[in-house]
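Heads up, the thing below is written out as structure tokens.
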Amino acid sequence: MQLFIDTANIAEIREAACWGVVAGATTNPKLLSHEGTSFDLRERVLAIADLVGGPVSVEVLCEEPDQMLIEARLYASWHPSIVVKIPMSLSGMKVVNRLEQDGIRTNVTGLVALNQAVLASLAGASFVSFFFGRMSDLGADPAPVIQDAAVLLHAQTRTQIIVGSIRNLMDINRSLLAGADIITVPYAFFKQMAHHPKTVETIQEFNSAWAKVRNEVRAIPAERLLLERA
Ligand code: E4P
């Protein structure tokens, strides 16, 4: 079970990296388009790689296989953590197969069906990315598809299953329970995962109980130390 962060925003990644729960990052052309026009892609990707210290997916923009190969090799040359995202298609599978044979890790993206995961995995992809929210948009439940993919891929291949396109916390929970290896989570959902009003209420109750007696009982050593330093 791992969480990646689904963003190209440095401030978000910098903060999330400090929490110790983020094992990698995924970007895509739409996420990069949210970052304005004045950044250098190589510098941005290197900064992300340094912050997360794990796989960083960067998606190719070319659509013709030979050009995709050139673009993918360029990205992979930037940093050993880079995983090249290849959109799902048969010509994409050709590119995936070639890159993986050359030791370049790939992430086949845009998956909404089990058949696509089978092809990507057989082509040798290190990762496949199911799009939970977009699968739900089609009117079907994505969880059984992810569960079937986990059964097949985990038993017979080394491909890891990423689930992205997260729309709410249940999407994360259901994907993990279905057997996904990695969920790529937008920054805002990390905050939601940590927060619960009942937790806040409970901690407040404990702290105000202590505050009422603090001046009458001998403070615990650590608190006394901090009070003396203040
Ligand atoms: C995954 O790698 C994608 O970046 C992402 O999760 C796409 O999700 P969307 O449906 O929010 O665009």
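The values are calculated or read from the model by the stated rules, or taken from the named source; none is laboratory data. This structure is a prediction, so every number in the text was calculated from the model and none was measured. Virtual Cβ from ideal backbone geometry, glycine too; neighbours counted across all protein chains shown. Heads up: the accessible areas ignore ligands, DNA and RNA and are worked out on the full protein's heavy atoms, side chains in. Shrake-Rupley method; radii C 1.70, N 1.55, O 1.52, S 1.80 Å.
Per the 1.4 Å probe, what fraction of the accessible area of region 1-141, in percent, lies on carbon and sulfur atoms? About 54 percent, which is the carbon plus sulfur part of the accessible surface.
Other residues whose C-beta falls under 13 angstrom from the C-beta of Ile86 contribute a net charge of 0, scoring Lys and Arg +1 and Asp and Glu -1. In the chain, taking the dipole from charged Cβ atoms about the Cα centre, the farthest positive-side position among Thr199, Thr26, Ser165 is held by Thr199. When the P(r) of region 4-62 is calculated, the portion above 15 Å amounts to 41% of the C-alpha pairs. Summary: within the chain, the longest segment free of trypsin sites (Lys or Arg not before Pro) located in DSSP loops with at most 14 other C-beta atoms within 10 Å is 1-157. In a Gaussian network model over the chain where Cα atoms closer than 10 Å are linked, find which of Val58, Val112, Val21 has the largest mean-square fluctuation. So, out of Val58, Val112, Val21, the one fluctuating most is Val21. Here the average projected area of the convex hull drawn through the C-alpha atoms of region 149-230 stands at 9.5 nm². Using the Cβ-Cβ distance between Ser33 and Glu201 with R0 = 30 Å, the FRET efficiency computed as 1/(1 + (r/R0)^6) comes to roughly 0.15. Computed from the Cβ-Cβ distance with R0 of 41 Å, the FRET efficiency linking Val21 to Ala140 stands at 0.85. Taken over the C-alpha atoms, region 73-146 has Rg and Dmax values of 13.0, 40 angstrom. P(r) for the chain, from all Cα pairs and a bin width of 10 Å, is 7, 29, 30, 15, 8, 7, 3, 0 %, short bins first. For Lys30, the lysines whose Cα comes closer than 28 Å to its Cα, not counting residues fewer than 8 places off in the same chain, are Lys85, Lys94, Lys191.
Report the percentage of all Cα-Cα pairs in region 64-200 whose separation exceeds 21 Å, rounded to a whole percent. Let's see the in-between values first.
Values: 4151 of 9316 pairs.
Cα-Cα pairs of region 64-200 separated by over 21 Å account for 45 percent.
Normalised by 2.2 N^0.38 Å, with N the number of residues, the alpha-carbon radius of gyration of region 1-137 equals 1.01. One chain, two ends: Leu46 and Ala11. Fully extended at 0.36 nm per residue, the span grows by 11.2 nm beyond their Cα-Cα distance.
Comparing Gly20, Gly53, Gly124 in a Gaussian network model of the chain where C-alpha atoms under 10 Å apart are linked, the largest mean-square fluctuation is found at Gly20. Remark: the chain carries a charge dipole of roughly 540 debye about the Cα centre, counting +1 on each Lys and Arg Cβ and -1 on each Asp and Glu Cβ.
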